[in-house]
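Scroll down for the structure; my scribbles are underneath it.
The values are calculated or read from the model by the stated rules, or taken from the named source; none is laboratory data. Here the structure is a predicted model, which means the values were calculated and not measured. For neighbour counting, all protein chains shown are included, and Cβ atoms are generated from backbone atoms with ideal geometry for every residue, glycine included.
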Amino acid sequence: MTNILTKINENVFLGESKIHNKGVFALKELSPKETILEYKGELITKEEGTKREEESIELSKKDSKKAATYILEIDEENDLDGDIENNYAKYLNHSCEPNCEFEIIGKKAWIKTVKKINKDEELLLNYGFEWNEKDFIKHPCKCGSSKCVGYILDEEHWPKLEEHLKKNKYPSKVIEISYGKALFATKDLPIGTIVQKFEGKEITYKEVPEDMVCHTICVGEGNEDKWVVSRTDAICANHSCEPNCEVDDDLNIITIKPVKKDEELTFTYNLVDKDEKGTDFFWDKRWDFECKCGSKKCQGNINKYVRK
């Protein structure tokens, strides 16, 4: 049972929240579509709302305990600044699986239940933050629900978050260089860090598209005709005869030595394990190229496999 800090009305009370600081909790069982309490505040113009929101954000950067903003959009003309002393509704925490929502009636805002809420259960909202690729990481979510996406974000933007995280889940990035594209580390990396992964459907070599001949990787054992055509950023990792990465059995590009931030990530294209079976590995002449890695171990012309 949550200790009552302040009884707000006959429906809810203010208590300590496991999610963040203080929260609003049910004094009794609440039914769906019940209007629980008003989101009180000062009615202001859009211009003033934007100004105060920017000021609040700057203040939160100096003091992380300060909420970024309590500004609520009312309509095209007005916002409601809920940062006032008697607005207990401002203590409702965010959740990716909320049990409440805002209801705007005229120039006022109310908290309304969207599902049954048990006694002592915390009332939760989705704050409805807009998607911002640069700023979303500043608003981590700690709701702990099974649907939590990790960040405070309006549900309509979850697909954008998923796409962004999938694209940026590895500590690497692609950069255009003088002779094409290359893969670089986005931070200092220890040995054993997965920096990218070759992913794709297994096919035979005859099925490899012409434009992807130089971006395919063999996954068969020995002379087995199994290949993967990857569309991930792994295909941008360049060759080096003295690399800082290798490709493991799961097709992960993984560091084999410490790598500094902004250092290029490379592996040896024509390397096979010394114990791997097969004496006549398939080699496509279109793969031939002159290596210019500049290392002391440089092979010069890359036109066949070499063993570790």
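Some observations on this one:
- Any hit, region 134-144, residues being at pLDDT 90 or above, among the aromatic types (Phe, Trp, Tyr) and either in a helix (DSSP H, G or I) or surrounded by 12 or more Cβ atoms within 10 Å (Cβ to Cβ) (or both): no
- Only one entry in GLU121, GLU210 is touching a residue at least 12 places away in the same chain (Cβ under 8 Å) and not β-branched (Val, Ile, Thr), namely GLU121.
- Of all the numbered requirements in (1) touching a Pro at 6+ places or on another chain (Cβ under 9 Å); (2) at negative phi, GLY150 misses one, and that requirement is (2).
- Residues that are modelled with pLDDT of 90 or more and either in a helix (DSSP H, G or I) or in contact with a strand residue (DSSP E or B) (Cβ under 7 Å, 6 or more places away or on another chain) (or both) within region 145-158 comprise ILE152, GLU155, GLU156, HIS157, TRP158, listed in sequence order.
Yes or no, residue by residue, for (1) closer than 19 Å to HIS239 by Cα; (2) out of contact with any Gly (no Cβ under 6 Å at 6 or more places or on another chain); (3) of a type outside the set (Lys, Arg):
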| residue | (1), (2), (3) |
| --- | --- |
| LYS138 | no, yes, no |
| LYS142 | no, yes, no |
| ASP154 | no, no, yes |
| LYS160 | no, yes, no |
| GLU163 | no, yes, yes |
| ILE191 | yes, yes, yes |
| ILE203 | no, yes, yes |
| GLU210 | no, yes, yes |
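- Cross-chain or 6+ apart pairs with Cβ under 6 Å, region 157-181 first and over 18 Å from CYS96 (Cα atoms) and without any contact (Cβ under 8 Å) to a residue 12 or more places away in the chain, then among the hydrophobic types (A, V, I, L, M, F, W, C) and surrounded by 13 or more Cβ atoms within 10 Å (Cβ to Cβ): ILE175/ALA182; ILE175/PHE184
- One residue from ILE137, ILE74, ILE117 being closer than 21 Å to ILE4 by Cα and among the β-branched types (Val, Ile, Thr): ILE117
- Being hydroxyl-bearing (Ser, Thr, Tyr), assigned to a strand (DSSP E or B) and touching a strand residue (DSSP E or B) at 6+ places or on another chain (Cβ under 6 Å) is a condition met by no residue of region 193-203.
- Members of region 11-52 that are of a type in the set (A, V, I, L, M) and either modelled with pLDDT of 95 or more or not assigned by TED's automatic domain parsing to the domain that holds CYS143 (or both): VAL12, LEU14, VAL24, ALA26, LEU27, LEU30, ILE36, LEU37, LEU43, ILE44
- Residue check, LEU124 within 27 Å of LEU37 (Cβ to Cβ), surrounded by 13 or more Cβ atoms within 10 Å (Cβ to Cβ) and of a type in the set (A, V, I, L, M, F, W, C): yes
- Options VAL228, VAL259; residue that is more than 25 Å from the chain's Cα centre (by Cα), aliphatic (A, V, I, L, M) and at pLDDT 85 or above: VAL228
- Taken as a whole, region 180-187 holds no residue that is assigned by TED's automatic domain parsing to the domain that holds GLU97 and of a type in the set (Val, Ile, Thr).
- Residue match in region 226-237 (condition: assigned by TED's automatic domain parsing to the domain that holds CYS96, surrounded by 12 or more Cβ atoms within 10 Å (Cβ to Cβ), charged (D, E, K, R) and part of a loop (DSSP other than H, G, I, E, B)): no
- Screening region 10-57 for residues that are in contact with a strand residue (DSSP E or B) (Cβ under 6 Å, 6 or more places away or on another chain) and in a loop (DSSP other than H, G, I, E, B) and picking the one that is nearest to LYS108 (Cα to Cα) gives GLY41.
- Scan of region 119-133 for residues that are in contact with a Leu (Cβ under 8 Å, 6 or more places away or on another chain) and modelled with pLDDT of 95 or more, ordered by number: LYS119, LEU123, LEU124, LEU125
- Residue under evaluation MET1, criteria (1) more than 20 Å from LYS116 (Cα to Cα); (2) assigned to a loop (DSSP other than H, G, I, E, B), criterion not met: (1)
- Checklist (1) among the aromatic types (Phe, Trp, Tyr); (2) under 28 Å from ILE4 (Cβ atoms); (3) crowded, with 20+ Cβ neighbours inside 10 Å applied to PHE102, failing item: (3)
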